[in-house]
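Undergrad: Questions regarding the structure given below will be posed in turn.
The values are calculated or read from the model by the stated rules, or taken from the named source; none is laboratory data. Model, not experiment: these values are computed from the prediction. Glycine gets a Cβ as well: all are built from the backbone with ideal geometry, and neighbour counts include every protein chain shown. Please note that ligands, DNA and RNA were not included when accessible areas were found on the heavy atoms of the full protein model with its side chains. Shrake-Rupley method; radii C 1.70, N 1.55, O 1.52, S 1.80 Å.
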Amino acid sequence: MAARRAASSLISRRPIGRPPSSSTSDSALFRAGTARGLLPGAHHRFSAAPAAAAAATEEPIQPPVDVKYTKLLINGNFVDAASGKTFPTVDPRTGEVIARVAEGDAEDIDRAVVAARRAFDEGPWPRMTAYERCRVLLRFADLIEQHAEEIAALETWDGGKTLDQTSETEVPMVARYMRYYAGWADKIHGLVVPADGRHHVQVLHEPIGVAGQIIPWNFPLLMFAWKVGPALACGNAVVLKTAEQTPLSALFVSSLLHEAGLPEGVLNVVSGFGPTAGAALSSHMGVDKLAFTGSTGTGKIVLELAARSNLKPVTLELGGKSPFIVMDDADVDQAVELAHRALFFNQGQCCCAGSRTFVHERIYDEFVEKAKARALQRVVGDPFRRGVEQGPQIDAEQFKKILRYVKSGVDSGATLVAGGDRVGSRGFYIQPTVFADVEDETKIAQDEIFGPVQSILKFSTVEEVVRRANATPYGLAAGVFTRSLDAANTMARALRVGTVWVNCYDVFDAAIPFGGYKMSGVGREKGFYSLRNYLQTKAVVTPIKDAAWL
């Protein structure tokens, strides 16, 4: 797939305010289905028309890809787990098994760390010129584009995200990220600093060593790029643990990285479960650095295990409950569309989803009615079908968790405006769900749901909404929609979050740092800032005699 298709935003590039196409050519590929009604006993502020459902009850399309890699990648070879165990990775469209994948545990993590340590201490990777490392990463980016259709199909099959999303946005972004970090490889340098005396002082930036990395299931390809890219550009070796729900794409692209010329042992990939493989990697004494993306609860465990072992430094990108603030001067149609995408993108399974939609009281009722209409219009169905906007949730556990939160919202007295139930009887599809009249103290306004559930809250003043937006243990991101430069500037500085998007959302350019305040994480990923995670700083001081200058 051509590089020109890469986008700097994960949001669909359809113009704001325009609904999905309902052209004749698309109608053959998806059809409106009758979804189950709203929850019994729910308070309905509007008529309970069903969400648009496309082909959720039809036979799923056969993915145009074969599963080639299901074993662990250790020391340049795909091998079985030491125990011989495997686990199933499941198609979220049906709940059926796609393939059985080698189940790594502590013994396999140890094998991978030993291989990575040998590659770093004795192998050619950190001893190559930086330009040679750059060329390997550039070749890798080229191979990603050559295999783009296969990678996109694999990511859609294993994770349930739409093929439009994986093929038009995510895969091109992976190639873009790898080229970005390839460009940094030969621009990492130290300093010469003056000292108060006759000494020559060098400050060196050295690779940190063996980096352990744990990636999540919601964006396995992109998180692979965010973590592996800067680690390799700095000259490190890596042990990567994939999420047990979505192991396939990381294994596939890792094979391409070796095809690009990566020496054996530099990248090792272990598929497995958190309490076994993840815990073993977090606590391993041979790991010099740890990076984790996932829930805040698991992040605390990872941080504790790292501290109790060898006090390895840890980068954490964790959960969020991000506010999306709509001022009274906003174009309501545009605000509704952007807020819709900010929440429902990737089935709502996004750490920075705009899951608390704060709307000014003057336009609140109009906004709610239009947000309801947009949610009911959202096309849910097989992610391999054209025109589908929302695929299934990742697995049965997440599916059930989201529906529990929907019930909690109803029980709390919030108004269920749209959705609230599953779509069809097969797979893990959920109706796009909208709540109005949501109070700050309710669970749907406090907890990270990680699903297609929009909570719309009312506010009166900038001071009030800033206070309420900040009243959360999270601080990952926020959105502000306004025509007022003064309001935008005030909120951008007052909101305690790592990223503020003004009149846009989910813009993830390779150079933009990403991370959170408070319990949303530690450190930053992407951009120049991510390189700091994988470098050590060393001062070298040498006496100078008879110096011509100091």
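Undergrad: Quick check on the range 250-271. Is at least one of its residues touching a residue at least 12 places away in the same chain (Cβ under 8 Å), touching an Asp or Glu at 6+ places or on another chain (Cβ under 6 Å), at negative phi and not assigned by the TED database to the domain that holds Ala471?
TA: Quick first cut of the range 250-271, residues touching a residue at least 12 places away in the same chain (Cβ under 8 Å) only: 250-271.
Those still in the list that are touching an Asp or Glu at 6+ places or on another chain (Cβ under 6 Å) too: 270.
Pick out the ones that are also at negative phi and you get 270.
Next cut, not assigned by the TED database to the domain that holds Ala471 only: 270.
Yes, the range 250-271 has at least one match.
Undergrad: Here's something else I'd like to know. Do you know which of the residues in the range 198-213 that are open to solvent by less than 10 Å² (accessible area, probe 1.4 Å) and among the aliphatic types (A, V, I, L, M) is nearest to Lys289 (Cα to Cα)?
TA: Only one residue fits best here, namely Ala211.
Undergrad: Condition first: more than 15 Å from Asn503 (Cα to Cα) and either assigned to a helix (DSSP H, G or I) or open to solvent by 10 Å² or more (accessible area, probe 1.4 Å) (or both). Now tell me which residues in the range 322-349 satisfy that.
TA: Passing the criteria: Phe344, Phe345, Asn346, Gln347, Gly348.
Undergrad: Here is a follow-up. Does any residue of the range 438-447 turn out to be open to solvent by 20 Å² or more (accessible area, probe 1.4 Å), farther than 23 Å from Gly475 by Cα, more than 23 Å from the chain's Cα centre (by Cα) and at pLDDT 95 or above?
TA: Step one: filter the range 438-447 for residues open to solvent by 20 Å² or more (accessible area, probe 1.4 Å), giving 439-441, 443, 446-447.
Next, from what is left, pick out any that are farther than 23 Å from Gly475 by Cα: none.
The answer is no, given that none of the residues of the range 438-447 is open to solvent by 20 Å² or more (accessible area, probe 1.4 Å), farther than 23 Å from Gly475 by Cα, more than 23 Å from the chain's Cα centre (by Cα) and at pLDDT 95 or above.
Undergrad: Another question about this same structure. Report yes if Val203 is aliphatic (A, V, I, L, M), in contact with a Leu (Cβ under 6 Å, 6 or more places away or on another chain) and touching a residue at least 60 places away in the same chain (Cβ under 8 Å), otherwise no.
TA: yes
Undergrad: Please specify each residue of the range 407-426 satisfying the condition of being in contact with a Phe, Trp or Tyr (Cβ under 9 Å, 6 or more places away or on another chain), open to solvent by 10 Å² or more (accessible area, probe 1.4 Å) and closer than 19 Å to Arg378 by Cβ.
TA: Arg422
Undergrad: When you scan the range 293-300, do you find a residue that is part of a loop (DSSP other than H, G, I, E, B), without any contact (Cβ under 8 Å) to a residue 12 or more places away in the chain, open to solvent by 20 Å² or more (accessible area, probe 1.4 Å) and out of contact with any strand residue (DSSP E or B) (no Cβ under 8 Å at 6 or more places or on another chain), even just one?
TA: no
Undergrad: Can I ask one more? Output yes when any residue across the range 138-160 is more than 23 Å from Lys68 (Cα to Cα) and of a type outside the set (D, E, K, R), and no when none is.
TA: Within the range 138-160, one or more residues are more than 23 Å from Lys68 (Cα to Cα) and of a type outside the set (D, E, K, R).
Undergrad: Between a residue in the range 454-476 that is under 17 Å from Asp486 (Cα atoms) and any residue that is among the aromatic types (Phe, Trp, Tyr) and at pLDDT 95 or above, which pairs come within a Cβ distance under 6 Å, given they are 6 or more apart or on different chains?
TA: If the second residue must be among the aromatic types (Phe, Trp, Tyr) and at pLDDT 95 or above, the pairs left are Val465/Phe358; Val465/Phe459.
Undergrad: Turning to a different aspect of this structure: Check off (1) under 22 Å from Val314 (Cα atoms); (2) outside any strand (DSSP E or B) for His189 and give me the number that stays unchecked.
TA: His189 satisfies all of (1) under 22 Å from Val314 (Cα atoms); (2) outside any strand (DSSP E or B) except (1).
Undergrad: A further question follows. Within the range 528-537, is even one residue open to solvent by less than 60 Å² (accessible area, probe 1.4 Å), touching a residue at least 40 places away in the same chain (Cβ under 8 Å) and of a type in the set (Gly, Ala, Ser)? Outline the logic, then answer.
TA: As a first pass, look at the range 528-537 and keep what is open to solvent by less than 60 Å² (accessible area, probe 1.4 Å): 530-531, 533-535.
In the following step, the residues that additionally are touching a residue at least 40 places away in the same chain (Cβ under 8 Å) were identified as 530-531, 533-535.
Retained after the next criterion (residues that are of a type in the set (Gly, Ala, Ser)): 530.
Within the range 528-537 (the criterion being open to solvent by less than 60 Å² (accessible area, probe 1.4 Å), touching a residue at least 40 places away in the same chain (Cβ under 8 Å) and of a type in the set (Gly, Ala, Ser)), the answer is yes, since at least one residue qualifies.
Undergrad: Touching a Gly at 6+ places or on another chain (Cβ under 6 Å), buried (at least 20 other Cβ atoms within 10 Å of the Cβ), touching a residue at least 12 places away in the same chain (Cβ under 8 Å) and aliphatic (A, V, I, L, M) - does that describe any residue in the range 500-521?
TA: Within the range 500-521, not a single residue is touching a Gly at 6+ places or on another chain (Cβ under 6 Å), buried (at least 20 other Cβ atoms within 10 Å of the Cβ), touching a residue at least 12 places away in the same chain (Cβ under 8 Å) and aliphatic (A, V, I, L, M).
Undergrad: So Thr472 fits all but one of (1) within 27 Å of Gln347 (Cα to Cα); (2) out of contact with any helix residue (DSSP H, G or I) (no Cβ under 9 Å at 6 or more places or on another chain); what number is the exception?
TA: All conditions are met except number (2).
Undergrad: Further, regarding this structure: Going by the conditions given, is Ala55 in contact with a Lys or Arg (Cβ under 7 Å, 6 or more places away or on another chain), within 30 Å of Asp186 (Cα to Cα) and either open to solvent by less than 50 Å² (accessible area, probe 1.4 Å) or at pLDDT below 95 (or both)? I'd like the intermediate steps shown before the answer.
TA: Working: in contact with a Lys or Arg (Cβ under 7 Å, 6 or more places away or on another chain): yes; within 30 Å of Asp186 (Cα to Cα): no; either open to solvent by less than 50 Å² (accessible area, probe 1.4 Å) or at pLDDT below 95 (or both): yes.
No: the conditions fail for Ala55.
Undergrad: Test of understanding: among Thr246, Thr276, Thr242, which residue is open to solvent by 10 Å² or more (accessible area, probe 1.4 Å) and touching a residue at least 24 places away in the same chain (Cβ under 8 Å)?
TA: On the way: Thr246 fails: open to solvent by 10 Å² or more (accessible area, probe 1.4 Å); Thr242 fails: open to solvent by 10 Å² or more (accessible area, probe 1.4 Å).
Answer to the selection: Thr276.
Undergrad: Taking Val462 as meeting all but one of (1) farther than 30 Å from Gly381 by Cα; (2) open to solvent by less than 20 Å² (accessible area, probe 1.4 Å), write down the number of the exception.
TA: With respect to (1) farther than 30 Å from Gly381 by Cα; (2) open to solvent by less than 20 Å² (accessible area, probe 1.4 Å), Val462 is out only on (2).
Undergrad: What single numbered condition from (1) surrounded by fewer than 24 Cβ atoms within 10 Å (Cβ to Cβ); (2) closer than 20 Å to Arg127 by Cα; (3) of a type in the set (A, V, I, L, M, F, W, C) fails to hold for Ala195?
TA: For Ala195, the failing item is (2).
Undergrad: Pull out all pairs, ordered by first then second residue, where Cβ-Cβ is under 7 Å, the residues are six or more apart or on different chains, the first lies in the range 96-107 and is closer than 15 Å to Lys68 by Cα, and the second is open to solvent by 60 Å² or more (accessible area, probe 1.4 Å) and part of a loop (DSSP other than H, G, I, E, B).
TA: Listed by first residue and then by second, the contacts come to Ala102/Lys71; Ala102/Asp80.
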